[in-house]
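The values are calculated or read from the model by the stated rules, or taken from the named source; none is laboratory data. Keep in mind it's a predicted model, so treat the numbers as computed, not measured. All Cβ positions, glycine included, derive from the backbone under ideal geometry; neighbour counts span all protein chains shown. Please note that ligands, DNA and RNA were not included when accessible areas were found on the heavy atoms of the full protein model with its side chains. Shrake-Rupley method; radii C 1.70, N 1.55, O 1.52, S 1.80 Å.
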Amino acid sequence: MLAVNYRGPYRIRADRDRPMPEILHPEDAIVRVTRTCICGSDLHLYHGLVPDTRVGATFGHEFIGVVEEIGPDVKKLKVGDQVIVPFNIACGKCTFCKQGLFANCHEANPEATAVGGVFGYSHTAGGFNGGQAEYARVPYADVGPMVIPPDLHPDDAVLLTDVVPTGYQAAEMGGIQPGDTVVVFGAGPIGIMAAKCSWLFGAGRVIVIDHVEYRLDFVRKYAQCEAYNFKSLEDPVAFIKKTTDSLGADVCIDAVGVDAAGSAMQTLTGKKLLMQAGAATALHWAINAVKKGGVVSIIGVYGPPANLVPIGSAMNKGVTIRTNQASVKRLLPRMIDHIQKGHLDPKAIITHHIPLEEVPDAYRIFNDKLDNCIKTVLIPPTARV
Amino acid sequence: MEENTRDNVDIKAWSKKGGAPTPKDFAHIKGWGADIDPENDPTYPMRNREKEDHGGYDWERPPLQPVNMEVLHSLERPNITAVFGTAMPPHGLSGQIRRFAFRYSEASYIHWLSLIMADRVNVVEGVIDDLKRGQVPNIYAEKGYKALWKHDRTGLFKKLAVGALVTTAAVALIARKAKD
Ligand SMILES: NC(=O)c1ccc[n+]([C@@H]2O[C@H](COP(=O)([O-])OP(=O)(O)OC[C@H]3O[C@@H](n4cnc5c(N)ncnc54)[C@H](O)[C@@H]3O)[C@@H](O)[C@H]2O)c1
Ligand SMILES: [Zn+2]
Ligand SMILES: [Zn+2]
């Protein structure tokens, strides 16, 4: 089958000779992929920043498709069902799954106890092949996947595998109360969705910070919020203090993660010398820009081994830090409700539909922020016939 | 779609009134306040102490995926998880480095730095594998330079120039070494 084949940092291709996935566990299903996205998280892999990313791996943790085959213990799904596949692989039985911590399942990733199981996200997330392929193996098929409601557009459905619940959870973890000022760092798909969802929790003011002008324009309209370019602010933290009566924002959301721009020191130590796991610039700003006693919600991905963060500032200000990978399964019904009520319009952030065969160019466009790209959907050839 | 909220809402006005905003203040934002929840503080993720959170690793495990390949597992757990990915089992020199890495816990720098090193070695192994299969990897295509050509020609030229510079420098260095 045709599938993505990672060859090394910034090198990726789609090969036709990749082996078909097989049922390896009684609760597995095989899904024929109909749509799959490229995520900001994939860029961390693409840059070679995630340890144990093996050459030959297939990426892709955001996909929907049709069930082609099921294992003997699969009871809820049947062949032919169209499904949303959450990016987390979760057993539904361990103590973490039972608490709704589906991103923290203890039975889905042998390689790292700190990390849950994720499709196509290196061996540090379990060594599963991902959905940027014609077919994918989906473990615990009765736990994560959900049949797509008939009235839901496939472009909305594919964004429910990650972006929508993730942006929502970023706002949720902020513990936003009516009237709060929320600052979101990052105007990528996750930051855009986090800004939009902050209003659902009653935010009084939403401010987004990025340095890519077209994304700032987009988020200003899409999330009806303020948006500022940190390149034209001398000091983004001082700016946020100034615009919040010198006290800071009630809630700061880091929707950037380890690949942040904006600080020469962080870039040097994190991306050039590899003395830390990427650059933690946005988190640095978030901790410093939040009000005393406020909440920092980290949804941007950080990886092992460690990062330079101003923990002293967090300590002295009494900051609460909330963070996790999104628990997609837990949030799906609520997200679908918001889409159906017209509160959220996820598919409006999709700017590119690209055939899977052209995956190297698709990564380059998303990575380099070319052609006003916000979110890219890849379509495998088997989905086009 | 409506533009900037700041023009529509006088935030200072309602915050001076002393109260919290109401849906009327934000009528232009669909769904504003739909999920207001005073209980969402402290918020997710929280430990749920009512459930069997103190039981330890004693839940009824799912059926176990047969292990018929080499699977490295964190030494912070006693076993291989009930399911695991089968992409790219460790092999070659990179595999040896990965095996070494897994002798250390996730709290150890050696663990992660070795894995990063293995990843780099693996890239060279990947090129050799390609060549063995009679395929010369088309690095320009793999790096998506076609998209750069189309959307960002100056960016492409910059990348190529830097590449050429590095190569020239390397060649010069080697040539010097050879003379010495
Ligand atoms: N926790 C989760 O479950 C989860 C799920 C999906 C994605 N993520 C993470 O969320 C992050 C964002 O994902 P995305 O798809 O939106 O990625 P993206 O790369 O499209 O967006 C990141 C944005 O941050 C901007 N940026 C860079 N440095 C910045 C800085 N210092 N301050 C403000 N903005 C800055 C970039 O210009 C870019 O627009 C990534 O780290 C991704 O891995 C987390
Ligand atoms: Zn994602
Ligand atoms: Zn579990």
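Below are the figures for this structure:
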read-out	value
Selection count where residues are under 19 Å from the mean Cα position of the chain (by Cα) and open to solvent by 10 Å² or more (accessible area, probe 1.4 Å), scope region A:129-138	1
Scope region A:263-288; condition under 23 Å from the mean Cα position of the chain (by Cα) and either among the acidic types (Asp, Glu) or modelled with pLDDT of 95 or more (or both); matching residues	A:Ala280, A:Thr281, A:Ala282, A:Leu283, A:His284, A:Trp285, A:Ala286, A:Ile287
Count of region A:63-98 residues which are farther than 15 Å from B:Tyr57 by Cβ and assigned to a loop (DSSP other than H, G, I, E, B)	15
Which numbered condition A:Lys196 misses (of (1) within 12 Å of ligand 1 (Cβ to nearest atom); (2) within 13 Å of another protein chain (Cβ to nearest Cβ); (3) closer than 22 Å to A:Phe87 by Cβ)	(1)
Near pairs, Cβ below 6 angstrom, 6+ apart or cross-chain, from region A:27-44 (within 14 Å of another protein chain (Cβ to nearest Cβ)) to any residue that is part of a strand (DSSP E or B) and open to solvent by less than 10 Å² (accessible area, probe 1.4 Å)	A:Ala29/A:Val67; A:Ala29/A:Val138; A:Ile38/A:Thr376
Enumeration of residues in region B:120-152 that are of a type in the set (Gly, Ala, Ser) and either open to solvent by 30 Å² or more (accessible area, probe 1.4 Å) or touching a Cys at 6+ places or on another chain (Cβ under 6 Å) (or both)	B:Gly134, B:Ala141
One residue from A:Thr53, A:Thr124, A:Thr113 being crowded, with 24+ Cβ neighbours inside 10 Å, facing another protein chain (nearest Cβ under 8 Å) and not in a strand (DSSP E or B)	A:Thr53
Matching residues in region A:60-108 - criterion: being open to solvent by less than 30 Å² (accessible area, probe 1.4 Å), hydrophobic (A, V, I, L, M, F, W, C) and within 16 Å of ligand 2 (Cβ to nearest atom)	A:Phe63, A:Ile64, A:Ile84, A:Val85, A:Phe87, A:Ile89, A:Ala90, A:Ala103
Residue check, A:Ile311 at pLDDT 95 or above, more than 30 Å from A:Pro149 (Cβ to Cβ) and under 14 Å from the mean Cα position of the chain (by Cα)	no
Residue tally, condition open to solvent by 10 Å² or more (accessible area, probe 1.4 Å), within 13 Å of another protein chain (Cβ to nearest Cβ) and away from ligand 2 (no atom under 14 Å from the Cβ), over region A:145-174	1
Residues that are away from chain B (no Cβ under 14 Å), of a type in the set (Val, Ile, Thr) and touching a residue at least 24 places away in the same chain (Cβ under 8 Å), drawn from region A:70-89	A:Ile70, A:Val83, A:Ile84, A:Val85
In region A:22-43, residue least open to solvent (accessible area, probe 1.4 Å) [restricted to those that are in a loop (DSSP other than H, G, I, E, B) and more than 13 Å from A:Asp73 (Cβ to Cβ)]	A:Cys39
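Every residue, every condition in (1) surrounded by 18 or more Cβ atoms within 10 Å (Cβ to Cβ); (2) assigned to a helix (DSSP H, G or I); (3) within 11 Å of ligand 1 (Cβ to nearest atom), yes or no:
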| position | (1), (2), (3) |
| --- | --- |
| A:Asn307 | yes, no, no |
| A:Gly312 | no, yes, no |
| A:Ala326 | yes, no, yes |
| A:Leu332 | yes, yes, no |
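Each row is one residue, and each column tells you yes or no for (1) of a type in the set (Phe, Trp, Tyr); (2) surrounded by 15 or more Cβ atoms within 10 Å (Cβ to Cβ).
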{"residue": "B:Ala82", "(1), (2)": "no, yes"}
{"residue": "B:Ala87", "(1), (2)": "no, yes"}
{"residue": "B:Ser94", "(1), (2)": "no, yes"}
{"residue": "B:Arg98", "(1), (2)": "no, yes"}
{"residue": "B:Tyr109", "(1), (2)": "yes, no"}
{"residue": "B:Val166", "(1), (2)": "no, no"}
{"residue": "B:Lys177", "(1), (2)": "no, no"}
